[in-house]
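Below is one structure, written out as structure tokens; comments come after it.
The values are calculated or read from the model by the stated rules, or taken from the named source; none is laboratory data. Since this is a predicted model, take the numbers as computed values, not measurements. Cβ placement follows ideal geometry from the backbone for every residue including glycine, while neighbour counts extend to all protein chains displayed. Just the protein is used for accessible areas: all its heavy atoms, side chains included, with ligands, DNA and RNA removed. Shrake-Rupley method; radii C 1.70, N 1.55, O 1.52, S 1.80 Å.
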Amino acid sequence: QVQLVESGGGLVQPGGSLRLSCVASGFDFSRYIMRWYRQAPGKTRDVVAVITSTSDNKQYTNSVKGRFAISRDNAKNTVYLQMNSLKPEDTAIYYCNVQRYVDGTGIQDYWGRGTQVTVSL
């Protein structure tokens, strides 16, 4: 029942900005840490940003520090990724992620379908 739906990707020039959104449903969004990952063709899927349930702590991978900002609106069940000063190396599919414990299974990852971000002249 968990659903994560990303939007906001597109084609932008280097130095441009995009804001990604992820709308969540099927779980109590306000109680969970949310993450953004990205994956370029032929590369691994790597975490980009993390935000705690109350937004009291945020973490970023080094390559996006100072350029990206993660935020959330618990009333809207939505997590955002504001991306500024975009570089060609930011080109990837960006995925929304949540992890939760499932009885009888353990920790389970849930993923959205992803949204494509392309940074190019």
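What the table below lists for this structure:
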quantity: Over the chain: Kirkwood hydrodynamic radius from C-alpha pairwise inverse distances, Å; calculated: 14.5 Å
quantity: Separation of alpha-carbon centers, segment 1-24 and segment 56-71, rounded to whole Å; calculated: 15 Å
quantity: Protein accessible area in segment 1-48, 1.4 Å probe - carbon and sulfur %; calculated: 45 percent
quantity: Given the chain, longest segment not containing exposed loop trypsin sites (Lys or Arg not before Pro) (DSSP; at most 13 other Cβ within 10 Å); calculated: 66-112
quantity: Whole-number accessible area per residue in Å² for the chain, which is evaluated in the context of all protein chains at 1.4 Å; calculated: 54 Å²
quantity: Set of aspartates and glutamates with alpha-carbon distance to K43 below 18 Å, sequence-local pairs under 8 removed; calculated: E89, D90
quantity: Beta bridges per DSSP with both ends in segment 1-119, % antiparallel, nearest 5; calculated: 95 percent
quantity: Dipole-positive endmost among M34, N77, V47 within the chain (Cβ charges, Cα centre); calculated: V47
quantity: Pairwise label distance in nanometres, S53 with L11, each label 7 Å out on the Cα-Cβ vector; calculated: 4.3 nm
quantity: Segment 1-113: relative contact order in percent, alpha carbon pairs under 8 Å with at least 6 residues between; calculated: 32 percent
quantity: Projected-area average for segment 51-121 over all orientations - Cα convex hull basis, square nanometres; calculated: 6.3 nm²
quantity: Reachable lysines from K76, criterion Cα separation under 22 angstrom, eight or more residues apart if same chain; calculated: K58
quantity: Whether segment 33-85 is rounded, prolate or oblate, judged on the alpha carbon gyration tensor where a/c under 1.5 counts as rounded; calculated: prolate
quantity: Computed magnitude of the charge dipole of the chain (debye, nearest 20; Cβ of K, R +1, Cβ of D, E -1); calculated: 220 debye
quantity: Sulfur and carbon atoms: percent of accessible area, segment 71-121 [1.4 Å]; calculated: 46 percent
